[in-house]
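First comes the structure, then the notes that go with it.
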Amino acid sequence: MKISIAPLALAAALCAAPAIAQEKITLRFANTFDAAFQELWKPVITQFEKLNPMIQVKIESTAGSGAAIYPDVLRTSMVTGAPPDVFFMWGGTIAAPFMKSGQARVLDDEYTKFGWDGRFAAPIKARSTTAGKTYGVPYRAMGMAFWYRSDIAEKLKIKLPNTVAELEQNCATLKTAGIYCASTGGKFGWHTGRLTEYFIETTCGPDRHDKLNALAESWDQPCVVAGFQRLRTWIDKGWLVPDFLAVAPNDSRIPVYQGRAFMIFEGGWLEGALKASDQNVQNYSFFVPPNDSANRRYSGFGEQWMIATNTKHPSQAAAFINFITDPAVQSQFKPGTFPLSASIGAKVDCAVTPMECKWKEVISSNMGSYLPTDQYFDKELIGSFYEIQDGIVAGKVTPVAAAKLFQERVVTWKSKQKS
Amino acid sequence: MRKTVKSARHIPYLFMAPALAIYSVFLVYPMFDSLYLSFFEWDGLSAKKTFVGLNNYIEFFFDDQTARKATINTFVWTLGSLVIPSSLGLILALALNRGGKVSVVLRTIFYSPAVLPLVGVGLIWGWMYNPNFGVINVILKSVGLGDLAIGWLSNFNTAFAATFVTYTWAHVGFPMILYLAGLQSINQDYYDAARVDGANAWQSFRNVTMPGLTETHVIVLSLAVIHGLKVFDLVYAMTYGGPGRETQVLGTWMYFQGFQYYHAGYGAAIAWVIAAFILVLAIPYIRRMSSN
């Protein structure tokens, strides 16, 4: 008996077709979450997977070095043709190479489809937009300032400063009490860079500081020298925990935890880090330091989610971003899971995360902000900046020579861009 | 019959083919691709690559001051790698070339760092050197040498040496094991003959042990040169090339240019300069030592 296999094959194909169509996909989600934050996000991922049973989300984290290493990891995966589907990104010049090179997907259609325009304030969305195209979905609006030990302030009767002179007077008082005024970690450059930027903000003023960062003015000028000199003075007077150049930013928190140092320049994320390190959050608070100008500003930047151009799952990636930026979804999870969310309507439980609440007030107030220098400069130029900064810290380069040298580097860098 | 012999000639090539294919795809092709890339300016992300001829090499040799610093550091590191861990490995091997449980335990202790990943070693030593809570400064302070407790990796004068101490700690075990194997292959009769001839310990070492270890020297020293020239992990993990650019070596500068500064072409050029240094330094040396 001759049996035709054609009908059987057709039936098998029809049975298999839905199985193939519904094959479970893995959405690779790259970010800089540390272990504690990954734990907080586990229920979020679980919830998304429950609502989308055919999608599995896999976290790929590069934590601990800030923006020093994570962009390299991303770039390597993109060049090798295996990019993550959804990835975390800062703004400014850190994000620029991914947009310029076409590795980040233009999300204008997704904005229309999901109605994201109504989810974020226009200035926040503008941070993710370049040349009329939107590449990112806002995640957090971050602010950085001096976090300090409120228990030590109370004990030593230290008042929050309104002028730089008052701040420095506080440092002198703390020094007398055997406590360092501030701690910083010089490895990677950026953490100490926050102090240097602040000092330049105080000596050049907000407008000139912005012009310097935009390279619209020469760095070889007295106010920059004065800013570098202020960094030097803080070291010479023993106000900073010494020998910090090779200390990792996260490790520089330890002297503050120990009560050996009074404050540290950090962002809103510190509240979560304090809890993860079993610190009593009640003993901490923050203040936006004075800049001796009527326009006192905090250091601020945006964070965003992006989708890789070469993702095989663009619609699922967009659905995931839509889920995690939805304020209604965010409110379902433990406080601190979406700290300083950029989504309009995101709720903060001030009883649980009081510092986040305080930051929300600052960010939504009229207070201005300045971008960190490493989000203004490209990585090569910021590398030069940090090299010179290290020279000042080590006493190898005088503030006068540092200002001159950095301007020379700016000129060389600019000429390279033209050629 | 002739046909069988002829086809048999191809059999070795058939056996070699899989390995050759893997080698070609994963080593030869990327190698030549990176050589090709070294003649371009490319950000490592976009599709556009601009041909710049030899500019990347000209920049390396004539314009880039950090490259000069990194080259000097790499050669100092290689020289150190050639002398210090190798000599210490030999001394340890001579000291532990005997039976007994203590000797076995000590060999294990000295060898164990060699099996640890260098990035992990770098992080652990980074904490040990930490000026605030690092064990090194804590010990110095506790024995009354607080003046010596400095930021070993933060100080421009000590960062490079402090990193090299870690390298020595991690790399002393491997030459020790190789030398131990070499020592055990030297015929005991030579030592007996030397003793009969009235040779003292130094003379035995110089005229029996050292010539007997010639083959081991070739392996140990050539590996030391290669490891020294391609140093990356420890510097990256411990100092990130700093403070300033004081501890930059060619491996890290290649990484910074290629990955951090988006100059993939220039990074590839540095990689080829490292490869050229290895070829120029290591190959004649290995050939000479091997032929002897």
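All of the numbers you see were taken from the coordinates with simple rules; none came from a lab. For clarity, every value in this text was computed on a predicted model and none was experimentally measured. Here the Cβ is made from the backbone with ideal geometry for all residues, glycine too, and neighbour counts use every protein chain on show.
Between the Cα long axis of helix A:70-79 and the first principal axis of chain A there is an angle of about 30°, rounded to the nearest 10. Each part gets one Cα centre, and for the range A:186-243 versus the range A:104-168 those centres are 21 Å apart. Look at the dipole of chain B built from charges on Cβ: of B:100, B:273, B:132, the Cα furthest out on the positive end belongs to B:100. When Rg and Dmax are taken over the Cα atoms of chain A, they come to 24.3, 103 Å. Pairs with C-alpha atoms separated by more than 23 Å, drawn from the list A:133/A:358; A:379/A:414; A:125/A:360; A:416/B:69, are A:133/A:358.
How much length would be gained if the chain were fully extended between residue B:210 and residue B:161, taking 0.36 nm per residue of separation minus their Cα-Cα distance, in nm to one decimal?
Details: separation 49, 0.36 × 49 = 17.64 nm, distance 2.90 nm.
Full extension from residue B:210 to residue B:161 adds 14.7 nm.
At a temperature of 10 °C and a viscosity of 1.306 mPa s, determine how fast the range B:75-291 diffuses translationally according to Stokes-Einstein, using the Kirkwood radius over alpha-carbon pairs as Rh; express D in µm²/s, rounded to the nearest whole number. Intermediate results must be reported in sequence, preceding the final value.
Details: Rh = 19.4 Å.
In µm²/s, the coefficient is 82.
Computed about the Cα centre, the dipole magnitude for the protein assembly as shown is approximately 1320 debye when only Lys and Arg (+1) and Asp and Glu (-1) carry charge, each at its Cβ.
Note on residue A:109 and residue B:280: the model spin-label points, each 7 Å out from Cα along the C-beta direction, lie 5.4 nm apart. By the scheme Lys and Arg +1, Asp and Glu -1, what is the net charge of all other residues having a beta-carbon under 13 Å from that of residue A:326? Net local charge, residue A:326 excluded: +2.
For the pair residue A:334 and residue A:154 in one chain, pulling the backbone fully straight at 0.36 nm per residue adds 61.7 nm over the alpha carbon distance.
Approximating the spin labels as points 7 Å out from Cα along Cα→Cβ, the residue B:61-to-residue A:211 distance works out to 4.4 nm.
By the scheme Lys and Arg +1, Asp and Glu -1, what is the net charge of all other residues having a beta-carbon under 14 Å from that of residue B:275? Residues near residue B:275 contribute 0 overall.
When a/c reaches 1.5 or more, the comparison of a/b and b/c decides; with that in mind, is the range A:66-154 rounded, prolate or oblate per its Cα gyration tensor? Can you show the working numbers first?
Working: a/c = 2.65, a/b = 1.40, b/c = 1.89.
Verdict is oblate for the range A:66-154.
So what's the angle, to the nearest 10 degrees on a 0 to 90 scale, between helix A:354-363 and the longest Cα principal axis of chain A? Compared with the principal axis, the helix lies near 80 degrees. Tell me whether the range B:216-284 comes out rounded, prolate or oblate; compute the Cα gyration tensor, take square roots of the eigenvalues as a ≥ b ≥ c, and use a/c under 1.5 as the rounded threshold. Oblate, since a/c reaches 1.5 and b/c is not below a/b. Name the shape class, rounded, prolate or oblate, that the alpha-carbon gyration tensor gives for the protein assembly as shown, where a ≥ b ≥ c are the square roots of its eigenvalues, rounded holds for a/c under 1.5, and otherwise prolate holds if a/b is larger than b/c and oblate otherwise. Since a/c reaches 1.5 but b/c is at least a/b, the shape of the protein assembly as shown is classed as oblate. Spatial offset of the range B:40-103 relative to the range B:124-139 amounts to 26 Å, using the alpha carbon center of each. Beta bridges assigned by DSSP with both partners in the protein assembly as shown are antiparallel in approximately 65 percent of cases.
Loop-located trypsin sites (Lys or Arg not before Pro) in the range B:58-120 (DSSP state other than H, G, I, E, B) with a sparse environment of at most 15 neighbouring Cβ atoms within 10 Å: B:98.
Could you tally the net charge around residue B:179, taking each other residue with its Cβ under 13 Å from the Cβ of residue B:179, Lys/Arg +1 and Asp/Glu -1?
Numbers: positive: B:107; negative: B:215.
Computed value for this residue: 0.
Counting other Cβ atoms within 10 Å, keep those with at most 13, restrict to DSSP loop, and tell me which trypsin sites (Lys or Arg not before Pro) in the range A:285-332 are left. In loop regions of the range A:285-332 (DSSP not H, G, I, E or B), the sparsely surrounded trypsin sites (Lys or Arg not before Pro) are A:312.
Computed from backbone phi, the HN-Hα couplings of the range B:74-89 come to 5, 5, 5, 4, 5, 4, x, 5, 5, 9, 6, x, 5, 5, 5, x Hz, rounded to whole numbers (Karplus: 6.51 cos²θ - 1.76 cosθ + 1.60, θ = phi - 60°; Gly and Pro given as x).
If you fit an axis through the alpha-carbon atoms of helix A:190-213 and take the longest principal axis of the Cα set of chain A, what angle between them do you get, 0 to 90°, nearest 10? Taking the Cα atoms of chain A, the angle to A:190-213 is about 80 degrees. Rounded to 0.05, the FRET efficiency of the residue A:237 and residue A:401 pair, given R0 = 25 Å and the Cβ-Cβ distance, is 0.75.
Taking amide H as placed 1.01 Å from N in the peptide plane, residue A:309 has its amide H under 5 Å from the amide H of A:104, A:105, each at least 5 places away in sequence or on another chain.
Taking a straight line from the alpha carbon of residue A:50, these lysines sit under 19 Å away, with near neighbours fewer than eight places off in the same chain left out: A:24, A:42, A:58, A:334. For the pair residue B:188 and residue B:135, a Förster radius of 41 Å applied to the C-beta separation gives a FRET efficiency near 0.45, rounded to the nearest 0.05.
What FRET efficiency comes out for the pair residue A:60/residue A:364, r = Cβ-Cβ distance, R0 = 30 Å, nearest 0.05?
0.40
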